[in-house]
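What follows draws every value from the coordinates through simple rules; no lab data is involved. Everything numeric in this text was worked out from a predicted model, so none of it was measured. Neighbour counts are summed over all protein chains in view; Cβ atoms, including those assigned to glycine, are modelled from backbone coordinates with ideal geometry.
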Amino acid sequence: MLATALILLPVVGALAVAILPLPRETTAGLAFFVALMEVGLWIVTAARYDFDTGGLQLGTSREWVESLGISYSVGFLGFSVWLSGATVIVFAAAIGYALWIGRDRPRAYHALMLFLLAGVVATFVSQDLLLFYVSFEAMLIPLYVLVGVWGGERRQAATLTFVVYTMAGSLLMLASVVAFGVTQGTFSLAESGTSDNVWIFLGFAVAFAVKAPLFPLHGWLPLTYREAPVEVAAVLSAVVSKTAIYGFLRIGLPKFPEPADDLSGLILVLASASLVYGSFLAFRSADLRGVVAYSSMAQMGLITLGVFAFDDLGLDGAVLQSVGHALISAGMFLLVGMVERRCGTGVLDALGGMARGRPVLATIVLVAGMIALAVPGSATFAGEFLIMAGVYAQGWGYSVVVALGVVLAAMYILRVISAILHVKPGSAVHDEALDLRVGELALVLPLLLVLLGLSAWPALVSESSFTGDHAEQAIARGYR
Amino acid sequence: MIDTPSVDWLALAPTLALLAGAGVALLSALLPEWMRKAVAATAAFAGFAVAAGYAVVVFDDTPVPQSLLDGSMTRDQLAAMAQVILGVTGAAVVLVAWGERRRTNHAEYFALLATAGAGMVFFVGAENLMTLFLGLEWFSLCLYILVAIDTERETSLEAGLKYLVVGGFGSAVLLFGSALVYGATGELSFADIAAATPTSDAFLFAGLAMILAGLAFKVSAAPFHMWTPDVYQGAPTSVTAFMSAATKTAALVVTLRVLVTAFPEQSDVWTIAVAVIAAVSLAWGNLGALAQRDVKRLLAYSSISHAGFMLMAVSASSERGGEALLYYLVPYSAMSVGAFAVVAARERELERPVTLESLAGFGWERPYYGIALWTFMLGMAGFPLTGGIFGKLFVFSAAYDAGEWWLVLIGVAATAVSLAYYLNVVRWIYMRSGAELRLAPAGGSPPRDTPLGIAVAAAFAVTVGSFFVVQPILDAAGDAAASLPF
């Protein structure tokens, strides 16, 4: 029941926000309140989920289309708990940010955000192939309008590129969903067996590679992350991209063991390319959003490396890093938004010297940066280390790539930190640009605190994501 | 005494109800002017509603197909389900037509609408070549006049003439095909044609091809679609809504019935022919829609591509295909009537044809119509939360099951292309502002039009409802498909 409740609460919230004729601030406040309730509901879920037993829990299953074997099946696996947890926290921060800056047309805006939240959560808890597809697609409906209406100057081009890329992937996935479901006679992920059809696997893999995105399917990324409203970009890079990881973990690996193995070389190479190429692009990027956007691509490459390591360490690391990256990239995007609002631009050359007289901003940016570059002791370091150790089994070269990625991350993050905080005050930095306000701090600080907590105890996530902490076995058994 | 065949009045009740409604509507021309429209519209609405009601009763009462009127008609669940869709569609169209600016001809308009409905309701039950042609001409003649009924608009007259010429040609092709089939088999009834040993294969196949082409004109499948954009654009918008939903429903159901009952032996030939027509429709409809600025033309091309999707289900030539077709028709009819209704609302507000530009900012000015149009567009593109996705899914599954995986890939590619123009509509209604373009008036109250609002709400409810409540509709569709001898 809890899984259903976690989907329905934001849907009801979205309808309430859209329909109730409330004043502007109240509307946004109501949306924020619903997002916080969602966090509370998730805490209840995590408390109820029995991590020692593992497996599918707290679910519901209802017949939907009996004759084709489609059902409304939702429920939590260990990693669904953590991925949906990251989702609700990130959304609360994003919706809070929209409340703080007072987005135009709040009823439509917040209704769409809550609807998007429902879509992402539904993706992370779906245990039926068609329900997964439906939720995966449903995320696009609000995103298209959120980017297209509230985005920056070139928002319409951005939103079109984004949707065309994603839908091209999704439609290939639809063909695969049909082929897999019809061959198996059921769409239920719990009941269906495995398939050794490479083409069907490819349909899924391409859809996930676009969503992540992996090189060379990242064409939508720079424009979308630059033009989207900053909190929507945060949500995109933090959690929407992780639906691809859920797809690989829940469908790609357990349903297609042989094709996944056959194609793992290709996917590992593409993931490595994403990591290295994304890092270089982040380092070369001339503006804040570019750095965060490309670093997100690099991190998704890293996480994919962990998934296709096919062993306990890599898979645990992939989940931990998914959660860690979700929180830190949301935090980074919100900070970018705060800096952009103060200076009117995110171009690095025009920034600088913001540390002087703005101690809170400086501290927060520095802490976030340290976590983002995976300083030893941080949760992100734990994730990267697990992935590095795990992917060694696939070839030592991949571990070298991961290590290279860590070094490159340090380079681009330090460059950004010093471009914002240090050197001489840039042309866009005026004395009137204030330090972080309490409201802003209240949005970013919880994200960082959760990350610090995870840094102290990364095993909370990494050792409870799969049944009995044996990821490989759990996947081989299809999570049964 | 001549032996008269016994008449099953219940099976004919939907047709008779609509004819009665049409009669009352026509007689309202004698009433004082102020009550003419109200009486005519009410009579037509009642006719459609009662027809749908009787069709539900027939559906429940007819587990096994029965032959009517000496084998010229059939009473089965396929016809009954199609009649339900036609009845509900027609009733919604009456609501859309209520607010249409028309100084005269109210009685004639609603009488013809109900008569066309009666013809379609009759047509879907046709069981031999004579009743097939009779039904086709019956509703076609009404539609020719309906398209041209706004005599003060040149485009309406032009559309009427165009439809008459092309439609007449299509009917002639169908009639000639029927003659050839009769010549080859000596039989008129579908079942007897299937059972007969043809004297000449050439005649039979030529006849089959011509019957298929004649029906494809009505389905507006490419390459028999040339009339569609012009006629859909020129006709009064309510008539366009009726044609895009009801005519297609009737013609597709009859296509399925004729092919499956009369030509089972030739199925290896016609499945390929239908698959090719489907593929061409998908390609042509979607590519054509990309270039349109006029929303009614855009929806016309979109309806061609939907004909392609639904013919994909026909070409599967299986019970599953029939089921997929009948399921698809439910959300499709709703989305189609709904989308044209919203266009009609905008048209009445601006008092000129609706182009994409004139939709700028529509979603913010009229939030409910905006959300509805958004939903219909997403539904036609096969997004979730609308029945459109299940329609596509079932059609693809049926085609995949029938081994036509290449058709599935074409369908997927067509869906990808279709996104460009469906999302473009959404872009115009939300991401452009009317003030910025100075084309449409911003703000102000729209003309009050409650019936149209009700029609849009009903279409919205069906579009979204068919996503959540799939199984009952699918069961009905399965029963309907099972009344054909697959």
Averaged over B:406-419, number of beta-carbon atoms from partner chains that fall within 10 Å: 3
Whether segment A:223-357 is rounded, prolate or oblate, judged on the alpha carbon gyration tensor where a/c under 1.5 counts as rounded: prolate
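Given +1 on the Cβ of Lys and Arg, -1 on the Cβ of Asp and Glu, and no further charges, what dipole in debye does segment B:9-481 carry about its Cα centre, rounded to the nearest 20?
Numbers: 24 positive and 33 negative charges, 311 e Å.
Dipole size: approximately 1500 debye.
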Folded to 0 to 90 degrees: helix B:77-98 orientation relative to chain B principal axis, Cα: 20 degrees
Burial ranking of peptide ranges B:92-104, B:155-167 (average Cβ count within 10 Å, highest at the top): B:92-104, B:155-167
Alpha carbon convex hull of segment B:284-422, projected area averaged over orientations, nm²: 7.6 nm²
Table column - 3J(HN,Hα) (Hz), segment A:306-311, Karplus curve with 6.51, -1.76, 1.60, x for Gly and Pro: x, 5, 8, 6, 6, 10
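Based solely on its DSSP helices, what 222 nm [θ] is calculated for chain B when runs of n ≥ 4 H residues each add -39,500 (n - 2.57) and the sum is averaged over all residues, nearest 500 deg cm²/dmol?
On the way: 21 runs with 360 residues, N = 486.
Computed mean residue ellipticity for chain B: -25000 deg cm²/dmol.
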Test item: Cα-centred dipole of segment A:332-480, Lys/Arg +1 and Asp/Glu -1 on Cβ, debye: 120 debye
Alpha carbon convex hull of chain A, volume per residue in cubic angstrom: 121 Å³
In degrees, nearest ten, helix A:155-184 long axis to first principal axis of chain A (Cα): 10 degrees
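With runs of 4+ DSSP H residues as the only contributors, calculate the mean residue ellipticity of chain A at 222 nm using -39,500 (n - 2.57) per run, divided by the residue total and rounded to the nearest 500. The partial results should precede the final answer.
On the way: 20 runs with 333 residues, N = 480.
Helices in chain A give a 222 nm mean residue ellipticity of -23000 deg cm²/dmol.
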Whole-Hz couplings from phi, Karplus 6.51/-1.76/1.60, listed for segment A:377-384; x for Gly and Pro: x, 8, 4, 5, 5, 4, x, 5
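Grab the alpha carbons of chain B, take their convex hull, and tell me the volume per residue in Å³. Show your work: numbers first, answer last.
Details: hull volume 62.8 nm³, N = 486.
So the per-residue Cα hull volume is 129 Å³.
In debye, nearest 20: dipole of the protein assembly as shown around its Cα centre with unit charges on the Cβ of K, R (+) and D, E (-)? Can you show the working numbers first?
On the way: 48 positive and 66 negative charges, 625 e Å.
That gives the protein assembly as shown a dipole magnitude of about 3000 debye.
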Debye log10 I(q)/I(0) for segment B:1-80, one point scatterer per Cα, at q = 0.11, 0.12 Å⁻¹: -0.39, -0.45
Dipole-positive endmost among B:Y301, B:W9, B:C142 within segment B:9-481 (Cβ charges, Cα centre): B:Y301
Selection from A:L268, A:V178, A:L30 lying farthest towards where the dipole of chain A points positive, charges on Cβ: A:L30
Rg/Rg_ref, segment A:132-224, where Rg_ref = 2.2 N^0.38 Å and atoms are Cα: 1.23
Rounded FRET efficiency, nearest 0.05, which uses the C-beta distance separating B:I454 from B:M130 and R0 of 45 Å: 0.70
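What whole-number volume per residue, in cubic angstrom, does the convex hull of the C-alpha atoms of the protein assembly as shown give?
Working: hull volume 148.9 nm³, N = 966.
Taking the convex hull of the Cα positions in the protein assembly as shown, it is 154 Å³ per residue.
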Principal-axis tilt of helix A:24-48 within chain A, Cα atoms, nearest 10 degrees: 50 degrees
Backbone HN-Hα couplings from phi across segment A:210-220 [Karplus 6.51/-1.76/1.60, Hz, Gly and Pro as x]: 6, 5, 4, x, 9, 4, x, 9, 9, x, 7
